[in-house]
1. Highest GNM mean-square fluctuation, the chain, Cα pairs closer than 10 Å: which of V19, V123, V139?
2. Which order do W53, W120, W80 fall in if you start with the one that has the fewest other Cβ atoms within 10 Å?
3. With springs only between Cα atoms under 10 Å apart, run a GNM on the chain and tell me which of L40, L11, L107 wobbles the most.
4. Could you line up W110, W84, W98 from fewest to most neighbouring Cβ atoms inside 10 Å?
5. Hey, in the GNM for the chain with a 10 angstrom Cα cutoff, which one of V117, V21, V130 fluctuates hardest?
6. Add +1 for every Lys or Arg and -1 for every Asp or Glu among the other residues with Cβ under 14 Å from the Cβ of S46, and state the total.
7. Take R93, R8 and order them by how many other Cβ atoms sit within 10 Å, fewest up front.
8. When only C-alpha pairs under 8 Å and at least 6 residues apart count, what is the relative contact order of segment 3-148, in percent?
Amino acid sequence: MTSSQRRRDSLSRHANFQVVVGLASVGVGVLLVFGPPTSLFRSYNSTIAEAFWSADALPPQAHQLNHWLLATVGAGVIGWGLAWAAIAHIPFRAGERWAWTCLLITLLAWSSIDIGVALWFGVWGEVVFVLSALVAALVPLMIAAPLFRGAQRQAK
């Protein structure tokens, strides 16, 4: 097997993993749309109740607002996950450096802002969730980084 074949195989494996990350994000987005009133979100909702109402559970109107806000965020997460999967599936797999850079920048932008806001408001459940997602996506992305060093930029 030649070095270019090994690189292509490695890019394909890394791209497959990143497609899974994108599709997992779509799954999280769907949960955000439909899950907030269910027991799946009981622990997460209690971190919001504690941060804003110093209570164990959300008041009824706040529960509705929380569901609506998480559902709108979920719609955005679905779109981001689909874009992530598409970038991973085509240009990332092809070894285009911009694709790796795009995934890295969007991941760091989302996670740093989300974590910062969650810390500011004291929503610790969000901090834990985002840190977990960040590590799960960032470590494999960084492992793939050497495959993109020296890759040619796409002509405009």
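1. V139
2. W120, W53, W80
3. Maximum among the listed residues: L40.
4. Result, fewest neighbours first: W98, W110, W84.
5. V117
6. Summing Lys/Arg as +1 and Asp/Glu as -1 gives -2.
7. Fewest-to-most ranking of R93, R8: R8, R93.
8. Relative contact order for segment 3-148 comes out at 34 percent.
Quick note: the coordinates plus some simple rules give every number you see, no bench work behind them. Computed from a prediction, not measured in an experiment: that's the story for all the values here. No Cβ is skipped: glycine too gets one built from the backbone with ideal geometry, and neighbour counts run over all protein chains shown.
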